[in-house]
Structure formats: structure tokens, C-alpha cells
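For reference, the structure discussed in these notes is given below.
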Amino acid sequence: MNPSSSIAKHALAAQIEEHLLSTVGVASADASTTDLMLAVSHVARQQLSKQWVQTQAQDHDAKTRRVVYLSMEFLMGRTLSNALAALNLTSAAAQGLMQHAQTLEDAAQREPDAALGNGGLGRLAACFLDSMATLGLPSFGYGIRYEYGMFAQDIQNGCQTEYPDSWLQDGTPWEFPRADVMYPVRFGGWVEHLAGKAVWRHGGEVEAKAYDMVIPGHGTERVSTLRLWKAVAPAHIDLGAFNTGDYARAASAKNEYENISWVLYPNDSTPAGRELRLKQEYFFVAASIQDLVSRHLSEHPSLDNLADKVAIHLNDTHPAIGVAELMRVLCDEREMPWDAAWALCRKTFSYTNHTLMPEALETWPVSLIQHVLPRHLEIIFRINKELLEEAARIRPGDVDFIARLSLIDESGERRVRMAHLSVVGSHKVNGVSALHSNLLVQTIFADFASMWPQRFTNMTNGVTPRRWLSQANPGLARLLDQHLGTSWRFDLNQLRRLAELQDDSAFSQAFTVVKRENKARLAAYIHKATGIQVSADSLFDVQVKRIHEYKRQLLNVLHIVTRYQAILANPELPWVPRTFIFSGKAASSYHTAKSIIRLIHDVGSVVNNDVAVGGRVKVVFIPNYGVSVAEIIMPGADLSEQISTAGTEASGTGNMKLALNGALTIGTDDGANIEIRQNVGDENIFIFGLKTPEVLEVRKNGYQPTQYYEKSPALKAVLDAIANGKFSPEEPQRYRPLIDSLLSGGDHYLLLADYDSYLSAQSRVDDLYRRPGDWCKKAIANVAGMGVFSSDRTIGEYASQIWHVEPTAR
């Protein structure tokens with residue numbers, strides 16, 4: 001039991017009063033909802049601070065082996081509710097707030113989401129930190145303290161607009177500034193070689209200042225640490241320029257350096273944007289490696305045993321420059337011989353790949369790395385030289401093999417392949433679903449796998465049940481507690497016992513009531529966010545994720561238009577009412593994705609207002625998708641759209657969250673959908689479309705999308721309606737380029753090839769939804785089958801098979 005549970009409810013109420021006065025600086029009678037949120041947060045912060053100090057002392061005294069998790073993103077969401085749950089203070093906090101005529105839910109909503117991530121990559125990292133803390137793994141997450149996130153999304157006239165996500169404008173009670181933890185990070189300049197030693201004469205320098213967020217474990221006093229770096233200019237302003245009235249020049253140096261930690265994923269369509277992205281990646285990696293080296297040397301006499309005491313994990317290729325940076329530290333600063341340093345480096349790093357698409361694998365121009373990180377380029381060249389020598393010994397004379405393995409892509413502009421650097425510098429490389437991991441060694445890393453087959457493995461993703469079920473869906477959590485007890489939060493495999501309750505009428509009725517309440521809550525939020533009224537009695541068909549062509553939101557739209565046209569043609573049929581719910585952000589420079597967002601809105605404007613439809617179809621787009629929005633959407637979903645082209649989605653975690661909350665999946669055999677199908681049963685999921693081998697075969701044989709267009713009157717009618725301005729009469733050609741990309745542009749993601757199969761699956765969805773009892777049974781089966789998709793299982797496998805870090809006692 002967490003010791004914080006011993007805090008009496010009246011004592012916690014007194015602590016709230018104390019923090020209102022001493023920390024927030026407001027009289028109790030005058031406290032606003034935001035003031036109360038801050039006061040309760042500081043009560044929790046005080047407890048977490050004690051646990052953080054205790055955890056660090058234990059790990060330091062034990063000289064324990066630690067996990068260092070490097071990630072550009074940590075999509076944490078709000079912290080208050082999770083912290084209170086971990087500290088077992090939720091009930092006491094709720095009672096304390098009742099004295100102020102406020103609910104805990106209202107207070108918690110005043111906290112902004114921490115804008116430290118964008119999509120699945122960042123949310124996965126956040127789930128992993130939760131599981132590391134809960135399992136008691138000694139661990140540090142490292143990232144950047146973005147002041148403005150990626151962007152906040154607004155919709156104006158159906159178009160995405162971006163503005164800064166100023167989540168820190170009023171500060172946050174959840175970070176601990178570490179004034180004494182600051183490291184220099186250097187860029188540019190040149191390299192001199194003096195007496196056999198490389199000396200980097202840098203051209204610029206920025207300070208990395210540490211801010212910690214404490215990640216509480218549940219059911220334990222252990223915590224994990226998320227250490228975030230803020231870029232601080234060496235000199236804040238040029239006072240001389242300021243005093244002469246040249247205010248722009250006075251602040252230019254400050255802005256030049258501090259913009260490194262302003263925005264996640266700055267637009268890289270310009271040379272300045274690309275340079276800033278590279279600087280961001282190196283900035284947080286360099287600071288993190290200095291920090292872990294400093295910690296190690298405070299506990300051990302040298303770095304010789306670094307690989308025995310630290311496991312550094314690369315979450316995708318953004319931190320891949322860390323391989324070269326650790327080599328620079330070991331060889332240049334610690335004067336370790338190259339061979340010893342390289343052996344140590346490869347034992348220390350491991351790498352998770354998150355994409356199979358070659359265009360998404362990060363590369364940097366050699367010229368840019370030469371400009372920003374000249375010493376690192378030398379190190380990369382030497383690593384590459386030794387790699388190619390090894391490859392030549394294995395397959396002498398095979399020039400193509402060597403070219404494919406090379407860290408340098410020599411076709412066109414010379415570029416450094418960061419995924420290759422990650423593979424070469426790591427002792428283990430993993431994919432994130434069984435299909436993805438198999439495809440990795442068959443496609444993009446096939447040559448590396450032929451050299452080092454034991455280096456590659458699989459770690460199927462998972463999600464934390466604490467946030468995504470216990471906190472996001474309290475109604476279902478209470479129902480599970482009544483029938484399973486409470487320990488499912490730490491052993492999600494206990495959900496299997498729900499299979500025994502599928503035919504229990506009382507349980508099914510209670511399950512249905514919970515789902516209806518969650519749908520009503522989601523309907524109210526939709527109205528608040530969009531102004532559109534939707535019926536909670538309709539089927540809630542949900543596709544919420546990053547907007548990207550391969551995720552095929554456009555295929556979903558094609559089905560909506562098909563359905564709309566069919567209703568107009570046959571209004572007398574018993575159509576199942578559906579509400580199509582979209583949410584997600586498009587990258588600011590991704591024009592096609594932005595066009596899809598606008599099309600969704602234009603289709604919605606027509607369909608939602610057509611009296612002939614009679615409300616049987618509604619289309620809504622919820623703006624500014626993030627963790628807190630997802631926590632409302634996931635519990636209210638009936639149908640989970642996971643419709644990427646087979647072989648393109650590495651895993652997905654939204655599919656897991658939705659199924660965990662009782663949504664049925666309609667999807668392709670892609671990513672973790674396959675494993676979800678295997679665990680919930682073929683009869684409890686709607687699978688459609690080409691499978692990965694069939695996708696490859698279609699492309700190999702010369703895919704001709706126009707053939708599908710000509711053969712299917714329904715498809716032709718849909719595409720023609722969109723292309724000819726049915727949904728954009730004020731600008732008839734608005735979506736012609738989108739449709740041309742399907743018909744004459746090759747339809748790269750095979751929407752037209754999967755269209756008929758998708759419609760057939762949607763028809764099966766309708767048939768089942770007309771039988772509420774059978775639908776409920778299958779929804780329960782989905783929840784029951786999700787035990788394996790806990791991030792606790794994933795992190796346990798990482799710890800034992802890759803990191804070799806032992807959990808401490810719970």
C-alpha cells in the first residue's frame with residue numbers, strides 16, 4: 001500500500017488550505033477552480049518529491065543498473081489525476097475540494113496537457129515511463145522541455161490552423177527545476193588533429209538546463225524521472241546593443257540558441273528548419289549523455305563498466321546521433337582507445353524502429369552534419385569504414401550489398417542514414433509488433449539481419465491500464481473492480497476472466513449502461529467542441545490518430561460518401577444511425593493531409609445538414625487531439641477504425657486503447673491488429689482488405705487503380721462527386737488533386753483496391769449493431785482479450801531480454 005494513503009481526508013483538506021495560502025497566494029474564500037487545481041497539485045507534488053528523493057538515494061547507494069530512455073517525445077497528458085491515483089489520494093482530494101463546492105473532475109480539467117509530444121511515439125514513451133515506475137525499474141527518460149509543443153490545432157472554415165501551444169505560460173506545478181544540473185552543448189566550428197588527438201574547435205555553445213518531472217509508480221513508492229532539457233543562451237542579451245536602441249540585435253543571440261527548445265518538430269521544409277531539427281536532436285542527446293556519465297562517475301571510478309550499469313535506449317532515430325556522441329566522449333574526452341570504446345558503445349545502446357516506410361527513415365545531408373557537428377561526421381565516417389570492411393569480408397565483391405549497408409547514401413546528395421547508425425551502434429534492435437518485426441528483417445534491415453541475425457527481436461507495444469482504463473473510464477473500472485477485484489490494474493491478464501461473464505445478463509446490462517454513459521459524455525464534448533449535436537444512440541464510429549495518407553482517413557471518407565449516396569437513393573431502408581468521429585493533427589507542411597481534414601469538414605457540412613438524411617449520418621471532427629481529448633473519446637467509441645494499408649503501420653496503440661474500452665475493431669491485418677485479432681478471436685473483429693503479401697503482389701504486378709474505378713459504379717460515383725465539387729460547390733476543383741492522386745497518381749496506399757472489401761466489412765458492422773445483445777457480447781470479448789497489451793508486459797520484456805535491468809521489489 002502506498003504510504004500516502006494514510007493521509008486522512010481531513011488532513012489533506014488542511015494541506016489544500018495551506019497551499020492555497022502559502023504556495024498559490026490566495027485566500028481560501030477567493031480561490032478559483034484553477035487555484036484549487038494548483039493547491040491540490042502541490043499537495044501531490046510534495047509527496048512525489050519525497051518519493052523521488054527516496055528512490056534516487058536507494059539507486060545511488062545500490063549503484064544499480066539503470067535504463068536511460070532517449071525520446072524526442074513524451075506525450076504525458078495531464079498529471080494531476082494520475083498522480084492522485086498513484087498516491088491513493090483521489091478520494092481524499094475529491095472530498096477536500098467539496099468543501100469549496102468544486103469537483104475533482106472540474107479542477108483537473110483546468111490543467112493544460114503537457115505539450116511534449118505529438119502522436120503514438122510520444123504517448124508510447126509516456127506509457128513506458130508509467131510502467132517502468134510501477135515495475136520498479138531504475139530509469140530516466142530524457143527529452144526536451146518544449147515551451148510551445150508542436151502546435152495547438154484550430155479549425156477555421158474547415159481548414160487546420162496552427163498556433164503555439166503555450167502550456168507553460170502560467171508555469172506548471174509538476175516540474176522541478178534543477179538549477180545545479182546544467183551542461184554545455186556545442187555546435188559548428190572545425191576539428192583539429194594534434195598529436196594523434198582530435199580537438200573540436202566549436203563555433204557556438206548553448207547551455208542545457210535540467211527540469212525534472214516525477215513519474216509515479218502505482219502500488220509502489222518507486223518513481224521514474226523524466227528529465228527535460230531547456231536551451232539557455234550563454235548571455236541573455238547583448239546589453240550594449242540594447243542600450244543603443246538596437247533591441248532586435250540585443251535579443252538575437254538569445255533567440256538563436258533558445259529556439260532549440262521552443263517547438264517540437266519545427267517545419268523542416270527550409271534549410272533553417274532542417275538545421276534546427278538536427279540541433280534539437282543533438283542538443284538533448286549531448287546533455288543526456290553528459291548527465292548519465294556524470295551520474296555514473298559519481299558511483300564508479302571509471303567508464304570502463306558503463307555498459308554494465310547503463311542501458312541506453314533509442315526511441316526511433318531522433319536520438320541516433322547519440323552513438324557518435326558517446327564515442328566522442330569516450331575517445332576524445334576520456335581518451336579511451338577506439339576499439340574499447342566501440343565495444344562498450346555497442347553493448348550500451350539498443351534501438352526501437354517505428355516505421356517500415358523508407359521515406360520516413362531519417363537521413364541528414366552530409367554537408368549539414370559537417371556544418372553543425374563536424375567531429376561527429378568524422379566518427380560516423382570511421383564507423384562506416386569499419387562496417388564496410390566487415391561487409392566486404394563477408395560478401396567480397398558484392399558492391400550492391402556494401403552500398404545498401406553503408407551509413408552514407410551516395411545516390412544523389414550524400415546523406416547519413418540515421419537508422420543504419422542506430423542498428424550498427426546497438427546490440428539489440430526491435431520492432432513493435434510481430435508483423436513489423438518480421439518485415440524489418442525482410443525489407444529495410446534485411447542486409448543487417450543477414451550479418452547479425454541475433455541482433456533483431458520483437459517487442460509488441462502496450463498501453464498503461466492505469467490511465468487508459470482506470471482513469472479514462474471510471475465507470476468500467478468500477479464494474480471490473482466489482483467482478484474481478486482491483487489488482488487487474490497491475491496484472492491485466494486478469495481481464496481474461498471476463499469471458500466467463502459474456503452470457504451474464506446482469507453484467508452485460510451494466511456494461512451497456514457504462515458504455516451509454518460514456519457515449520453521452522462524448523456527445524456532450526462534441527457539442528461543446530464543434531457545435532454539432534449527435535445522438536448517443538447512434539453507432540460511434542471513431543478514427544482518431546495523426547492525419548496521414550497511409551492511415552487512410554480518406555478511405556473512411558469514401559465510405560461515408562458511399563453511405564450518404566445510398567441513403568439518398570434508398571431512404572426507406574432501415575439504416576443504422578452512425579456518427580463518424582475524426583480527430584488528429586496534420587503536420588504543418590503536409591498539404592495532402594490538410595486537404596483531407598478540409599474534405600472531412602466539407603463532407604460533414606453537406607451530410608449533417610441534408611434533411612433527406614434525417615440525422616442517420618453525422619460527421620464530426622474534434623479539434624486539437626491530445627491525451628485529454630483521447631481520454632473522452634476512447635471510452636465512448638463503438639467502432640475503432642484501424643484501416644492502414646497492410647504492411648505500413650508498425651503497431652499502433654490507439655487500436656489497443658479503444659479495444660480495451662470495449663470498442664470493436666474494423667481494420668486490416670496490419671501492425672498490432674493481427675495480434676489483437678489473435679487475442680480477441682476472429683469472430684470479434686472486422687478484418688478486411690489485402691494482406692501484406694497480397695499488397696506486395698498487387699504492386700509487383702502493376703497496380704492499376706483506374707480499373708477499380710471503372711468496374712465499381714458506387715466507387716465511381718463517390719470519386720466523381722468529390723472531384724466535381726459536390727462537397728465544395730464554391731470551389732469545384734478543390735479536391736481534384738486528391739482524387740487525381742488516386743486515379744492517375746498511382747493510389748500509393750491502395751484505397752481503391754480495398755474499397756469493396758471495406759464496404760463489405762462495414763455492412764457486417766451494421767448487421768451486428770442491429771443485435772445489441774450480440775454486439776455487447778463481442779465488446780466484452782474485446783476487453784477480455786486485451787491483457788497482453790499492457791505496457792507492463794512490454795516493459796517487462798524489454799527489461800529481461802534487452803536491457804537486463806532487474807525490477808526492484810514492489
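For region 700-810, what is the accessible area per residue in Å² when the probe is 1.4 Å? Please list the in-between numbers first.
Working: 4890 Å² over 111 residues.
I get 44 Å² per residue for region 700-810.
State the extension gain, in nm to one decimal, for the chain segment bounded by A360 and Q565, taking 0.36 nm per residue of separation less the distance between their alpha-carbons.
Working: separation 205, 0.36 × 205 = 73.80 nm, distance 3.66 nm.
Extra length available between A360 and Q565 comes to 70.1 nm.
Kindly flag which residue pairs out of K551/K700; K519/K657; K657/K778 have an alpha-carbon separation exceeding 18 Å in this structure.
On the way: K551/K700 22 Å; K519/K657 16 Å; K657/K778 16 Å.
Pairs exceeding 18 Å: K551/K700.
With every protein chain in place, what's the accessible area of D304 (1.4 Å probe, Å², nearest 10)?
120 Å²
Could you give the dipole magnitude of region 1-130 about its Cα centre, charging the beta-carbon of Lys and Arg +1 and that of Asp and Glu -1, in debye to the nearest 20?
Details: 9 positive and 12 negative charges, 101 e Å.
That gives region 1-130 a dipole magnitude of about 480 debye.
Where both partners of a DSSP beta bridge lie in region 338-440, what percent of those bridges are antiparallel, to the nearest 5? Walk me through the intermediate numbers first.
Numbers: 5 of 8 bridges.
Percentage antiparallel, nearest 5: 60.
Just to verify a number: FRET efficiency for Q733 and T244, C-beta to C-beta distance, R0 = 41 Å, to 0.05?
Details: r = 54 Å, r/R0 = 1.32.
So, using R0 = 41 Å, E works out to roughly 0.15.
Show me, for region 175-184, the HN-Hα J-couplings you get by feeding each phi into the Karplus relation (A = 6.51, B = -1.76, C = 1.60, θ = phi - 60°), rounded to Hz, glycine and proline as x.
10, 10, x, 10, 4, 8, 10, 8, 10, x
How long is the gain from E333 to E205 if the chain were fully straight, where each residue apart is worth 0.36 nm and the alpha carbon distance is subtracted?
44.4 nm
Under 13 Å between alpha carbons, and skipping anything fewer than 8 positions from K230 in its own chain: which aspartates and glutamates qualify?
Straight-distance partners of K230: E147, E175, E207, D212, E258, E281.
Which entries of K197/K279; K209/K279; K545/K594 have Cα-Cα distances beyond 23 Å here?
Details: K197/K279 25 Å; K209/K279 16 Å; K545/K594 14 Å.
Where the Cα-Cα span goes over 23 Å, the pairs concerned are K197/K279.
Can you classify region 510-627 as rounded, prolate or oblate using the Cα gyration tensor, where a ≥ b ≥ c are the square roots of its eigenvalues, rounded means a/c under 1.5, and otherwise it's prolate if a/b beats b/c and oblate if not?
Oblate is the answer for region 510-627, as a/c is 1.5 or above yet b/c matches or exceeds a/b.
Roughly to the nearest percent, how much of the accessible area of the chain is carbon and sulfur, given a 1.4 Å probe?
Numbers: 15610 of 30220 Å².
Ligands and nucleic acids excluded, carbon and sulfur reach 52 percent.
With charges set only on the Cβ (+1 for Lys and Arg, -1 for Asp and Glu), what does the dipole of region 184-327 come to about its Cα centre, in debye to the nearest 20?
Working: 14 positive and 18 negative charges, 16 e Å.
Taking the Cα centre of region 184-327 as origin, the dipole is about 80 debye.
What residue among P474, L539, S588 has its Cα farthest toward the positive end of the dipole of region 468-604, where the charges are +1 on Lys, Arg and -1 on Asp, Glu, each on the Cβ?
With unit charges placed on the Cβ atoms, the residue in question is S588.
Once whole DSSP H runs in the chain are found, which of them have Cα atoms spread over 20 Å or more along the helix axis and a mean Kyte-Doolittle score of at least 0.5? It would help to have the intermediate numbers written out before the result.
On the way: long enough: 33-62 (43 Å, -0.59); 120-135 (22 Å, 1.09); 271-299 (43 Å, -0.28); 374-394 (30 Å, -0.19); 505-530 (37 Å, -0.22); 553-569 (24 Å, 0.94); 591-608 (25 Å, 0.40); 751-769 (26 Å, -0.28).
What comes out of the filter, once short or polar helices are dropped, is 120-135, 553-569.
Could you give the size of the charge dipole of the chain about its Cα centre, using +1 on the Cβ of each K and R and -1 on the Cβ of each D and E, expressed in debye and rounded to the nearest 20? Before the final figure, lay out each step's value.
Details: 79 positive and 90 negative charges, 138 e Å.
With Lys and Arg at +1 and Asp and Glu at -1, about 660 debye.
When a/c is below 1.5 the answer is rounded, else prolate if a/b is larger than b/c, else oblate, so apply that to region 34-153 with a ≥ b ≥ c taken from the square roots of the Cα gyration tensor eigenvalues.
Working: a/c = 2.46, a/b = 1.27, b/c = 1.94.
It is oblate, given that a/c is not under 1.5 and a/b is not larger than b/c.
Over the chain, what is the percentage of antiparallel beta bridges among all DSSP beta bridges, to the nearest 5?
Numbers: 36 of 81 bridges.
Antiparallel: roughly 45 percent of the beta bridges in the chain.
Please give me the summed charge of the neighbours of I632: other residues whose Cβ is under 11 Å from its Cβ, Lys and Arg +1, Asp and Glu -1. List each step's numbers first, then the result.
Values: positive: K519, R521, K528; negative: E631.
Once positives and negatives cancel, what remains is +2.
Starting from the Cα gyration tensor of region 718-810, take the square roots of the eigenvalues, sort them a ≥ b ≥ c, and report rounded, prolate or oblate (rounded when a/c is under 1.5, otherwise prolate if a/b is larger than b/c, else oblate). Walk me through the intermediate numbers first.
On the way: a/c = 3.53, a/b = 1.76, b/c = 2.00.
Judged from the Cα gyration tensor, region 718-810 comes out oblate (a/c at least 1.5, b/c at or above a/b).
The values are calculated or read from the model by the stated rules, or taken from the named source; none is laboratory data. Owing to the predicted nature of the structure, the values given are computational and were not obtained by experimental measurement. Cβ: placed from backbone, ideal geometry, glycine included. Neighbour counts: every protein chain shown. These accessible areas exclude ligands, DNA and RNA; they are computed on the full protein's heavy atoms, side chains included. Shrake-Rupley method; radii C 1.70, N 1.55, O 1.52, S 1.80 Å.
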